[in-house]
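**Q** Take a look at this one; I'll ask things after.
The values are calculated or read from the model by the stated rules, or taken from the named source; none is laboratory data. Since the structure is predicted, the reported quantities are computational estimates derived from the model, not experimental observations. Here the Cβ positions follow ideal geometry from the backbone for every residue, glycine too, while neighbour counts run over all protein chains shown. For the accessible areas, the whole protein counts, side chains as well, though only heavy atoms, and no ligand, DNA or RNA atoms are used. Shrake-Rupley method; radii C 1.70, N 1.55, O 1.52, S 1.80 Å.
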Amino acid sequence: MNKKEILQLQNFLNDMRNQVSQGAYFHYGDLIWRMNNLENDFNESQDLKIWKDSDTLIGFVFILPKENNPEIFIRPELYSSVYADEMMDYSIKNSRADNGSFIETSCLKSDCVKEKYLATKGFKKQDDVMVFMEHQIMDNIDEIPLPVNYSYIQSDECDKYQNSLSWLTNEQVNKLLQDPNFENCLSSIICYKNQEIVSGSLCWYDSVGKCGVFEPVETDSNHQQKGLAYLGIKRSLSILKGKGAKRAYVKTGIDNYSAISLYKKLEFSIVDEDYGWSLEL
């Protein structure tokens with residue numbers, strides 16, 4: 001997508017979050033990461049469809065074909081319109097074309113309008129729950145040095161080192177670096193003894209919404225309990241503050257107690273819950 005198209009989506013998402021809640025719609029970072037995540041095998045012509053009324057963007061469907069997981073986003077006042085039904089029909093048609101027996105989507109607890117719409121279409125709320133957490137960036141954030149033998153590296157240096165992180169392959173990094181929306185400075189990638197990448201997080205800054213999103217975050221199991229993820233995220237929060245961000249967000253599973261504890265230490269707080277919804281076809 002070109003810069004103009006990305007900006008249109010960025011403005012739409014920010015406007016919708018302001019109407020519903022800061023967690024109720026994708027953040028800019030969610031969108032860019034999912035487009036670039038090699039595991040999703042994203043194809044723009046097939047997996048993203050935008051609806052407009054005249055020149056106004058009113059919604060879009062983003063499909064992760066490998067997960068059979070269409071995400072439907074529409075202006076809340078239009079859930080009772082023909083547009084919403086068109087978007088749902090499009091999602092179901094694509095799933096059936098891939099021989100899917102069901103589709104899954106998500107809805108935040110606070111998004112009552114979307115929840116009601118999904119229920120009327122036969123979707124059932126699932127037990128899988130994500131928590132949505134927010135950090136208010138109010139004060140300057142002091143960076144803390146890494147432990148001895150650990151150092152930060154830039155994303156474009158990753159091919160020089162061994163790597164323990166599942167999502168940070170050289171192929172993945174090269175794809176990210178080619179995207180003009182990827183800001184290298186926001187990544188906190190940590191190397192051990194200048195040999196192996198053992199911890200990392202990507203952070204995405206939304207200049208329209210003045211906020212950041214962390215996705216993904218991972219530390220190799222052999223290097224946990226050293227505060228690496230904490231220090232890396234703290235570093236990125238400091239960079240976000242310098243860019244003018246007012247808030248930062250992260251999502252994790254409701255049962256991921258270690259991650260929730262980490263984010264709470266960083267002064268994130270739980271502000272919403274994200275439920276999966278499923279429809280049998």
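**Q** Being outside any helix (DSSP H, G or I), under 22 Å from Leu31 (Cα atoms) and either among the small types (Gly, Ala, Ser) or touching a Gly at 6+ places or on another chain (Cβ under 8 Å) (or both) is the filter here; which residues of the range 64-107 pass it?
**A** Selection gives Asn68, Ile72, Phe73, Ile74, Arg75, Glu104, Thr105, Ser106.
**Q** Go through the range 198-216 and give me each residue that's surrounded by fewer than 22 Cβ atoms within 10 Å (Cβ to Cβ) and within 17 Å of Gln172 (Cβ to Cβ).
**A** Correct list: Glu215, Pro216.
**Q** In the list Val208, Val148, which residue meets the criterion of being under 17 Å from the mean Cα position of the chain (by Cα) and of a type in the set (A, V, I, L, M, F, W, C)?
**A** Val208
**Q** Still on this structure: Just to be sure before I move on: is Gln22 open to solvent by 10 Å² or more (accessible area, probe 1.4 Å) and either of a type in the set (Gly, Ala, Ser) or part of a loop (DSSP other than H, G, I, E, B) (or both) in the structure I sent?
**A** Details: open to solvent by 10 Å² or more (accessible area, probe 1.4 Å): yes; either of a type in the set (Gly, Ala, Ser) or part of a loop (DSSP other than H, G, I, E, B) (or both): yes.
Taking the combined requirement at face value, the residue satisfies it.
**Q** Report the residue count in the range 135-178 for those that are open to solvent by less than 30 Å² (accessible area, probe 1.4 Å) and either of a type in the set (S, T, N, Q) or in contact with an Asp or Glu (Cβ under 9 Å, 6 or more places away or on another chain) (or both).
**A** 7
**Q** Let me ask something else about it. If you take the residues in the range 237-264 that are closer than 27 Å to Asn149 by Cα and touching a Phe, Trp or Tyr at 6+ places or on another chain (Cβ under 7 Å), which one is least open to solvent (accessible area, probe 1.4 Å)?
**A** The residue in question is Leu240.
**Q** Okay, next question. Examine the range 216-234 for a residue that is out of contact with any strand residue (DSSP E or B) (no Cβ under 7 Å at 6 or more places or on another chain), modelled with pLDDT of 95 or more, of a type in the set (A, V, I, L, M) and closer than 20 Å to Glu143 by Cα, and state whether such a residue exists.
**A** yes
**Q** What are the pairs, 6+ residues apart or on separate chains, where a residue within the range 190-204 that is free of Cβ contacts under 8 Å to residues at least 24 places away in the same chain has its Cβ under 8 Å from a residue that is among the hydroxyl-bearing types (Ser, Thr, Tyr) and crowded, with 24+ Cβ neighbours inside 10 Å?
**A** Nothing qualifies.
**Q** Also: Are there any pairs, at least 6 apart or on different chains, whose C-beta atoms fall under 7 Å, with the first in the range 241-257 and in contact (Cβ under 8 Å) with a residue 40 or more places away in the chain and the second open to solvent by 70 Å² or more (accessible area, probe 1.4 Å) and not hydroxyl-bearing (Ser, Thr, Tyr), and if so, which?
**A** Lys241/Asn140; Ala245/Lys210; Lys246/Lys210; Arg247/Gln136; Lys251/Met130; Thr252/Met130; Gly253/Met130; Ile254/Met130
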